[in-house]
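For reference, the structure is listed below as structure tokens.
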Amino acid sequence: MNERKILLILIVLFIIFAAASLITISRAEDGYYVLCKPGGEVNVRARPDMSAPVVGWVSFGRYVRTDGKEKAGFVHVVDLAAETTSGWVYAGFLTYDLPREEEYTAEVWGGPVIARSCIGGKQLRRLKDGDTVTVYARSNAWAVTSKGYIMCDWLREVDE
């Protein structure tokens, strides 16, 4: 290889590594929206553990900032203006998408479909094609329903 090609390859590699580090930095400063039943709240805990003391709450639709720390299925949130300034929120209640409050009846299709305790959470029940649920809120991917959290792809609105 000639020197010009080697220099070009080094420049391309430098740009790739620089872009990757910028992505990592911006990811650490990202935040999430809280997805729960409208009017509801999600616990903020002192440690990343379901049995840790509750030190605050964040409500439906609230945007929370994170410092990039994740542990045991929890995300460390910062700059809270409530009971505490930081704490741990279970990731199953967080979404990148701004949730929308909208109440309607939906039918399950493409079943069997699993209703979960939160996004990606434990299974609550299996639903079959034709079962109906009330949708209370949704992000782009998940809906909070009367039967639990269900992926939006498996629901279709029913005309009443």
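The values are calculated or read from the model by the stated rules, or taken from the named source; none is laboratory data. Everything quoted here is computed from the prediction, not taken from an experiment. Reconstructed Cβ throughout: ideal geometry from the backbone, glycine too, with neighbour counts over all protein chains shown.
So the values come out like this:
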quantity	calculated
Qualifying positions in segment 59-90 - hydrophobic (A, V, I, L, M, F, W, C), out of contact with any Ser or Thr (no Cβ under 7 Å at 6 or more places or on another chain) and in contact (Cβ under 8 Å) with a residue 40 or more places away in the chain	PHE60, TRP88, VAL89
Test: residue in segment 68-75 that is outside the structural domain of LEU35 (by TED's automatic domain parsing) and more than 17 Å from VAL34 (Cβ to Cβ)	no
When residues of segment 132-144 are limited to those that are in contact with a Ser or Thr (Cβ under 6 Å, 6 or more places away or on another chain) and crowded, with 18+ Cβ neighbours inside 10 Å, the one farthest from LYS37 (Cα to Cα)	VAL133
Total residues in segment 107-125, condition surrounded by 13 or more Cβ atoms within 10 Å (Cβ to Cβ) and either of a type in the set (A, V, I, L, M) or without any contact (Cβ under 8 Å) to a residue 24 or more places away in the chain (or both)	6
Residue match in segment 59-78 (condition: over 18 Å from GLY31 (Cβ atoms) and within 16 Å of the chain's Cα centre (by Cα))	yes
